[in-house]
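**Student:** A single structure is presented below for examination.
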Amino acid sequence: MLDHMPIISMKLPLRIVLLGVMVTMSVTKTFAEDDYQEKRQQMLVEIKQMMAMTKSYTGEAALDKQVEQALLDVPRHKFVPPDSRVFAYENTALPISHRQTISQPYIVALMTELAAVTSESVVLEVGTGSGYQAAILSELASHVYSIEIVEPLGLQAKSLLQDLAYDNVTVKIGDGYHGWPEHAPFDAILVTAAAEHIPEQLVQQLKPGGRLVIPVGRQGQTQSLRVLTKDANGKIKQRDILSVAFVPLTGKH
């Protein structure tokens, strides 16, 4: 599954636009673990500032303390190539392998917050990518099921998550458009690529009371990060959060 590459632009007063950016600089500098911890703390400060700046759009003024702790605990530098680790805690997307990216930390934090994951949640992630979002979710959820359509990328993420002892994450190589019915229903579903319409299979696999967080729209056109909530009677409510720019959801639709 392709990952997105957003940064925030505050130039438009009526909406937030998330645009793609690629960091291509290569640096050989290395850091000690204490340095990385300090950089994670600074990253969290910047994320919290952006949450406050965008609260009128997102409805989320601040992060849950457990989400904040997950951002402090997960070593993002492990999920980027060695020559990019100096930039690992910048609040921007970064290139990883197979011409993909690791998502902007603010977007990871926001989507996690919107999903309202708890310690009892069973979560589906469509688009494993680097594995970073799955690692964040694993700190919060009972279990995370993650699907990646790009086989080398999925195998790489699976191996890394195992090495880092994220034992409550299960990664599968496949087409996430159809979800993972064997493990449904899910308390939360996060999709990391834009669908032209919301896949009905994902809605069906959402548990009553659950949330689906997904960017909707065509590539090159206005897309919206959307949250769907299913009530006890199966009725769906939708809320648009931000204008975004994601790569398209791939696979057989």
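The values are calculated or read from the model by the stated rules, or taken from the named source; none is laboratory data. Since this is a predicted model, take the numbers as computed values, not measurements. Quick reminder, even Gly has a Cβ in these numbers, built from the backbone with ideal geometry, and neighbours come from all protein chains shown.
**Student:** For segment 59-74, name all the residues that are crowded, with 16+ Cβ neighbours inside 10 Å and within 12 Å of Y132 (Cα to Cα).
**Tutor:** Once the filter is applied, which keeps residues that are crowded, with 16+ Cβ neighbours inside 10 Å and within 12 Å of Y132 (Cα to Cα), segment 59-74 yields A70, L71, V74.
**Student:** Within segment 148-232, considering only strands (runs of 3 or more DSSP E) that don't extend past its boundaries, which have at least 2 residues that are closer than 17 Å to S243 by Cβ and not hydrophobic (A, V, I, L, M, F, W, C)?
**Tutor:** Qualifying strands (runs of 3 or more DSSP E): 223-230.
**Student:** Still on this structure: Take the residues in segment 75-90 that are in contact (Cβ under 8 Å) with a residue 60 or more places away in the chain and in contact with a Phe, Trp or Tyr (Cβ under 7 Å, 6 or more places away or on another chain); name whichever of them is nearest to D35 (Cα to Cα).
**Tutor:** The extreme case among them is P75.
Results for (1) surrounded by fewer than 23 Cβ atoms within 10 Å (Cβ to Cβ); (2) farther than 27 Å from P248 by Cβ; (3) β-branched (V, I, T), shown as yes or no for each residue.
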residue	(1), (2), (3)
P82	yes, yes, no
Y89	no, yes, no
L94	no, no, no
E113	yes, no, no
A134	no, no, no
A141	no, no, no
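**Student:** While we're on this one: Tell me which residues, restricted to segment 223-252, are more than 16 Å from L114 (Cα to Cα) and surrounded by 12 or more Cβ atoms within 10 Å (Cβ to Cβ).
**Tutor:** Q223, A245, F246, V247, P248, L249, T250, G251
**Student:** Quick one: is L190 modelled with pLDDT under 95, within 26 Å of A61 (Cβ to Cβ), aliphatic (A, V, I, L, M) and crowded, with 17+ Cβ neighbours inside 10 Å? Explain how you work it out, then say what you get.
**Tutor:** Values: modelled with pLDDT under 95: no; within 26 Å of A61 (Cβ to Cβ): yes; aliphatic (A, V, I, L, M): yes; crowded, with 17+ Cβ neighbours inside 10 Å: yes.
It is false that L190 is modelled with pLDDT under 95, within 26 Å of A61 (Cβ to Cβ), aliphatic (A, V, I, L, M) and crowded, with 17+ Cβ neighbours inside 10 Å.
**Student:** Report, by residue number, each residue of segment 132-146 that is among the β-branched types (V, I, T) and either within 17 Å of D64 (Cα to Cα) or part of a loop (DSSP other than H, G, I, E, B) (or both).
**Tutor:** The one that is among the β-branched types (V, I, T) and either within 17 Å of D64 (Cα to Cα) or part of a loop (DSSP other than H, G, I, E, B) (or both): I136.
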